[in-house]
1. Considering only the range 330-338, I want to know if a residue exists there that is open to solvent by less than 30 Å² (accessible area, probe 1.4 Å), away from the ligand (no atom under 16 Å from the Cβ), under 27 Å from the mean Cα position of the chain (by Cα) and touching a residue at least 12 places away in the same chain (Cβ under 8 Å).
2. Please work out if Phe246 is within 16 Å of the ligand (Cβ to nearest atom), crowded, with 16+ Cβ neighbours inside 10 Å and in a helix (DSSP H, G or I).
3. Could you grab me the full set of residues in the range 40-68 that are under 25 Å from the mean Cα position of the chain (by Cα) and modelled with pLDDT of 85 or more?
4. In the range 289-307, how many are polar (S, T, N, Q), surrounded by fewer than 24 Cβ atoms within 10 Å (Cβ to Cβ) and within 16 Å of the ligand (Cβ to nearest atom)?
5. Among residues belonging to the range 15-32 that are more than 24 Å from the chain's Cα centre (by Cα) and of a type in the set (A, V, I, L, M), point out the one that is most open to solvent (accessible area, probe 1.4 Å).
6. Consider Ser283 against the criteria (1) away from the ligand (no atom under 16 Å from the Cβ); (2) over 24 Å from Asn3 (Cα atoms): it satisfies all of them except one. Which criterion is unmet?
7. Could you go through the range 291-311 and let me know if any residue there is touching a Cys at 6+ places or on another chain (Cβ under 9 Å) and either of a type in the set (A, V, I, L, M) or not assigned by TED's automatic domain parsing to the domain that holds Ile393 (or both).
8. Determine which member of the set Pro60, Pro12 is on the phi < 0 side of the Ramachandran plot, buried (at least 17 other Cβ atoms within 10 Å of the Cβ) and outside any strand (DSSP E or B).
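The values are calculated or read from the model by the stated rules, or taken from the named source; none is laboratory data. The shown structure was predicted, so the numbers you read here are calculated from the model rather than taken from an experiment. Note that each Cβ is placed from the backbone with ideal geometry, even for glycine, and that neighbours are counted across all protein chains shown. Heavy atoms of the whole protein, side chains included, go into the accessibility calculation; ligands, DNA and RNA do not. Shrake-Rupley method; radii C 1.70, N 1.55, O 1.52, S 1.80 Å.
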Amino acid sequence: MANALIIDIPFPSIDSVELFVNKFRYSVAQVAAQAQAKRPDCKVYVVTGGMWNADGSACPLLKADGEWISPKPWSSYGYAWDSGPDIMLTLDRDAKDNFWSTTCLIGPNGPIEKPSYDKKGQGGKRGRAGIGTKQGYLRLYASQDGTADARTPEALRDDMAADGCTSFVMGDGGGSAQCWFDGQTIKGDGRKCHNYIIVYVKKESADTPPDKEDNPVSKPVVCLDPGHGPGCANGSLDGSYKECEFTWDLYTRLRPLLEAQGITVVGTREQKIDYPSLSARASVSNRAGADLFVSLHSNAAGSSARGFVAFTSAPPETAARNKLAAAIINRVHAAGVVLWGSGLAHEMYTVLASTTAPAVLLEYGFHTNAQDLALLKDAAYRDKLARATCAGICDYLGLEVKEPDQESGQPNEPDGWAKEEWSKAVAAGIFDGTRPRDGLTRQEAAVVLDRLGLLPEKGA
Ligand SMILES: [Zn+2]
């Protein structure tokens, strides 16, 4: 079970946003079930909104469907929207049909130094819920009270700002911090909150990774999880092979290959000596807003079972996680690696169930089988596995696999967004067509400017 869940929803995929006032005191799961029944064509994301006052009325600044529930006349930044995709941070509580605000942590001028909240009622380290925006995305967030992911409002502000949020409003906290993100949930203490914000996401777009072409500067983010850690006893019977050493070694081979393709890689542990819990690994991925999650392992069974198998949490084939698995299986198989069965299997492993990104767990062979064991110990075979996995991930992300430059190890092709300008620059003789990702020094910039005829002749 994850202690914190974050979902970043691309604005164009938002069907609608509903401010659900919980008159009949439903649980978050009941609210989600009703929303899902109402809109079977959508994925449903529910997060706690504002809080109750002591007298049972709603806390300030709440307007649902054109009706003011709590119009207390003071001013605070909040989110206003009519249908949903138009949701925006504003001070103008009359701007649109819905308005929600509790405590603004990041406003139009950036993180708010002293967010305004009631120290006694809202301060300290608690489970937190909130809504934010981030370059093309609406962010929903909730963390479980009483866990390591509990935050002070200021720490939450800093986390969200560090993560690229350009606005963020914190909702109710403590046991009220709850969410239901398409089946994954933070339950808080199970209490019934005053209001919930429900985001309906069109189903066809929910399963597709956001179109990177629309957002040329954003790089895809892959969360890589080297399975286990030191002290884990998994390995061959003769003691010559340890799974935790294999996973770390494969991680160190795969990571630079992905980075050379222009992918941002987030590791669930950055050291060979770390041994994070399974839910902590999922939280790293969720907090990073990863586009996909890949866990690295080798398998164990009787001595006869052998081959590569990718696990995902469940069917269907059309789910993003299974498209990701299929892309990797194809490349691994094409590289000559034996598959175990069809190469695809399903299991509700914690890291697969608790990650918001499409997630796969790869078993690269059985260390309990003599043939697989010999291969798993071989450095050239590990390189092959890393290259095939990288290619599969690129296929899934729609990236053309670029052959790296011999010298720099970097791709010789520019990124898609720079393709046209790069070919123009090469055609104009500004660059020679190699190493598109190299930095430009001052002397090189001077030469480029001169080639463009932009520098006056000396003494002129
Ligand atoms: Zn394992």
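1. Yes, the range 330-338 contains a residue that is open to solvent by less than 30 Å² (accessible area, probe 1.4 Å), away from the ligand (no atom under 16 Å from the Cβ), under 27 Å from the mean Cα position of the chain (by Cα) and touching a residue at least 12 places away in the same chain (Cβ under 8 Å).
2. In short, yes.
3. Asp41, Cys42, Lys43, Val44, Tyr45, Val46, Val47, Thr48, Gly49, listed by residue number.
4. Final tally of qualifying residues: 1.
5. Across the range 15-32, the extreme among qualifying residues is Val21.
6. (2)
7. yes
8. Selected residue: Pro60, the only one of Pro60, Pro12 that is on the phi < 0 side of the Ramachandran plot, buried (at least 17 other Cβ atoms within 10 Å of the Cβ) and outside any strand (DSSP E or B).
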